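Right, one structure below, let's go through it.
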Amino acid sequence: MTVESATIVDAVVAGAGQAGLSAAYHLRRRGLVPGADFVVLDADPAPGGAWQHRSPSLTMADVHGFHPLPDAPVPDFPGTVPARDALPGYFADYERRFGLPVLRPVRVRAVHDLGERLLVETDRGDWSARALINATGTWTRPFVPRHPGADLFRGRQLHSSQWQGAAEFAGQRLLVVGGGASAVQILAEAAEVAKTRWATRREPRFRDDRFTPELGRAAVSLVEQRVRAGLPPASVVSVTGLPPTRLLLRARELGALDRVPLPQRFTERGAVWPDGHEEPFDAVVWATGFRAALAHLAPLGLREPGGGIRLEGTRAARDPRVHLLGYGPSASTIGANRAGRAAAVAVSRQLTAAQPPRETALL
């Protein structure tokens, strides 16, 4: 820590994905001065958040539930354009249009309590701030569960975040593990060229209807209950079920949604199920989601005994100077927009309340 050389600002926004840019937009609208009163620190080398890292096979036609950034309609991209080619440009234009003070690449290493202020320690210097809006997302923390024998398997293992398309698996035997949208996308693509098997911990729940605002609110409410209790947040998909997207319908058409339970253990050549039968595989794709990238907040001691960070709105209950976006109920593009605004309003009020009255300031 280098407290003396830290750059002084009122607020730091960590992350320039959907949530971080939404917060920055609303901070500016509320009168905070970009670069002086607040700064946005982004670990990526270019705009776009997690979208710039998505598989080239995910096209705009199959992007599910993307919501525009505040005051910026999404251009009418052709459905065949990869999302990772289209959306980063949209994010870059947004930063320029609203003059948002994004510095990159800057990786936040740790956040420390200095009493009245927070010290945000990074690989490119330190910032001293009275508030932190944390929007570091999940993309950098892919989750692969420990499973018996997985370390013995001699085939290829990869997380869904590393998926670059099915061509490299042509003619192979592929086990896809996980019950979310990423697993469905991979199955729909891989079943065209490979022999696939789908394994999930629980029976997947399929919806016949499209996603509705009412269903979304109900799902977010259930996730929010866990966060308020200080428990790790569950995924929204685990609550809402799988909608009838084009990819799901294609996977079903190819016979790739014949789900089996998780294998009991892995072997050098494949996997063994509880009934004793073994299947050989060339590769295993772990479509098992992500965890929130929050290790840099560990010095603040925000976690509850249940393992999660309890929130009151967007504020961390154990330190109201810290706001978490993209965590729990705000882990969606529309949720991130709303949370960004809520955090900006709260930070603006906090900073205003901390200012001395005009009469006192003149003495």
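The values are calculated or read from the model by the stated rules, or taken from the named source; none is laboratory data. Being a predicted model, the structure only gives us computed values, none of them experimental. For neighbour counting, all protein chains shown are included, and Cβ atoms are generated from backbone atoms with ideal geometry for every residue, glycine included.
Can you pull out every residue in the range 1-43 that is surrounded by 24 or more Cβ atoms within 10 Å (Cβ to Cβ), of a type in the set (Ser, Thr, Tyr) and in a loop (DSSP other than H, G, I, E, B)?
Selection gives nothing.
When you go through (1) assigned by TED's automatic domain parsing to the domain that holds MET60; (2) in contact (Cβ under 8 Å) with a residue 24 or more places away in the chain; (3) not β-branched (Val, Ile, Thr) one by one for ARG124, which number turns out not to apply?
(2)
Out of GLY89, GLY99, report the one residue that is part of a loop (DSSP other than H, G, I, E, B) and in the same structural domain as ALA336 (by TED's automatic domain parsing).
After applying the criteria, what remains is GLY99.
When the residues of the range 297-316 are filtered to those that are over 21 Å from the mean Cα position of the chain (by Cα) and at pLDDT 95 or above, which remaining residue is nearest to ARG29 (Cα to Cα)?
The qualifying residue nearest to ARG29 (Cα to Cα) is LEU300.
Determine if the range 46-53 includes at least one residue that is assigned to a loop (DSSP other than H, G, I, E, B), surrounded by fewer than 18 Cβ atoms within 10 Å (Cβ to Cβ) and without any contact (Cβ under 8 Å) to a residue 12 or more places away in the chain.
No: zero hits.
Within the range 1-31, can you find the residues that are of a type in the set (Gly, Ala, Ser), more than 15 Å from the chain's Cα centre (by Cα) and farther than 19 Å from ASP93 by Cβ? Quick ask: steps written out before the conclusion?
To start, the set of residues in the range 1-31 that are of a type in the set (Gly, Ala, Ser) comprises 5-6, 11, 14-17, 19-20, 22-24, 31.
Next, from what is left, pick out any that are more than 15 Å from the chain's Cα centre (by Cα): 5-6, 11, 23-24, 31.
Correct list: SER5, ALA6, ALA11, GLY31.
Condition check: touching a Leu at 6+ places or on another chain (Cβ under 7 Å), in a loop (DSSP other than H, G, I, E, B) and over 24 Å from ARG117 (Cβ atoms). Does GLY307 satisfy that?
It is true that GLY307 is touching a Leu at 6+ places or on another chain (Cβ under 7 Å), in a loop (DSSP other than H, G, I, E, B) and over 24 Å from ARG117 (Cβ atoms).
Just to be sure I understand the filter: pairs with C-beta atoms under 6 Å, separated by 6 or more residues or on different chains, first member in the range 189-215 and of a type in the set (Phe, Trp, Tyr), second member modelled with pLDDT of 65 or more. Which pairs pass?
Sorted first by the residue in the range 189-215, then by its partner, the pairs are TRP198/VAL176; TRP198/LEU187; TRP198/ARG259; PHE206/LEU242; PHE211/PRO243.
In this structure, does ARG318 turn out to be out of contact with any Leu (no Cβ under 6 Å at 6 or more places or on another chain) and either assigned by TED's automatic domain parsing to the domain that holds ALA50 or more than 30 Å from PRO34 (Cβ to Cβ) (or both)? Spell out how you get there, then give the answer.
On the way: out of contact with any Leu (no Cβ under 6 Å at 6 or more places or on another chain): no; either assigned by TED's automatic domain parsing to the domain that holds ALA50 or more than 30 Å from PRO34 (Cβ to Cβ) (or both): yes.
Answer is no for this residue.
Among what's in the range 178-208 and is among the basic types (Lys, Arg) and under 23 Å from the mean Cα position of the chain (by Cα), pick the residue that is farthest from PRO243 (Cα to Cα).
Applying the first criterion (among the basic types (Lys, Arg)) to the range 178-208 yields 195, 197, 201-202, 205, 207.
When the remaining residues are screened for being under 23 Å from the mean Cα position of the chain (by Cα), the result is 201-202, 205.
Details: ARG201: 19, ARG202: 17, ARG205: 9 Å.
Residue satisfying both the conditions and the ranking: ARG201.
Mind telling me which of the residues ALA344, ALA339 ends up being in contact (Cβ under 8 Å) with a residue 40 or more places away in the chain and under 14 Å from the mean Cα position of the chain (by Cα)?
ALA339
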